[in-house]
Amino acid sequence: MNEWMKKGPLEWQNYTHREVTVTASEKEYKGWVLTTDPVSANIVLVNFLEDGSMSVTGIMGHAVQTVEIVNEGNHSVREKLMHLFTSGDCKAHSSEDLEKKKNSLKRWLEKNHIPITEQGDARRTLCVAGVLTIDPPYGPENCSSSNEIVLSRVQDLIQGHLAASQ
């Protein structure tokens, strides 16, 4: 087992959002560490290209020989890396917008005879019949439940609500 794999997730976390040089299988890779897989020790490197695009490289943990930090990075690089895979329509919502969305969805579900309550300290999470939760920003993708039938039906209702409100 190589030195890299002997480290643990807390040690690997020190490399996240930093520019590194990785030697693996006699090759050298350079890039910003997006993440390290806690099970396999695989490293995901990102390079920002001059044309505004990026390249993503995965390096298998078992092949890693050395990892050296080249650049500590700054806040703007960290932000870029953290929002790399969020969709373009993912925007920050004001607390007023979220409250309006929550109340509108809650009324819609109640209109459809769905038992709904609010949960949490800030009362931001909606709970359907104690088996499904809906977190901000209250879209179908923000539903969570172990009951797939309830999940599917509530997601369909939310989709209908979104279609009706546009």
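Any read-out appearing in this document is the output of simple, stated calculations on the displayed coordinates, not a laboratory observation. Nothing here was measured: the structure is a model prediction, and the numbers come from that model. A quick note on method: Cβ atoms are made from the backbone with ideal geometry, for glycine too, and the neighbour counts reach across all protein chains shown.
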Subject >> Selected residue (criterion: farthest from Asn2 (Cα to Cα)) from residues of the range 29-47 that are of a type in the set (Val, Ile, Thr) and buried (at least 16 other Cβ atoms within 10 Å of the Cβ) >> reply: Val46
Original post:
Looking only at helices (runs of 4 or more DSSP H) that fall completely inside the range 48-166, which ones have 1 or more residues that are under 30 Å from Asn2 (Cβ atoms) and β-branched (Val, Ile, Thr)?
Top reply: 75-82
**OP:** Search the range 9-26 for residues being in a strand (DSSP E or B) and more than 11 Å from Val64 (Cβ to Cβ), and hand back the single one that is nearest to the chain's Cα centre (by Cα).
**Re:** Glu19
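Yes or no, residue by residue, for (1) over 30 Å from Asp135 (Cα atoms); (2) surrounded by fewer than 12 Cβ atoms within 10 Å (Cβ to Cβ):
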{"residue": "Met1", "(1), (2)": "yes, yes"}
{"residue": "Thr23", "(1), (2)": "yes, no"}
{"residue": "Phe85", "(1), (2)": "no, yes"}
{"residue": "His93", "(1), (2)": "no, no"}
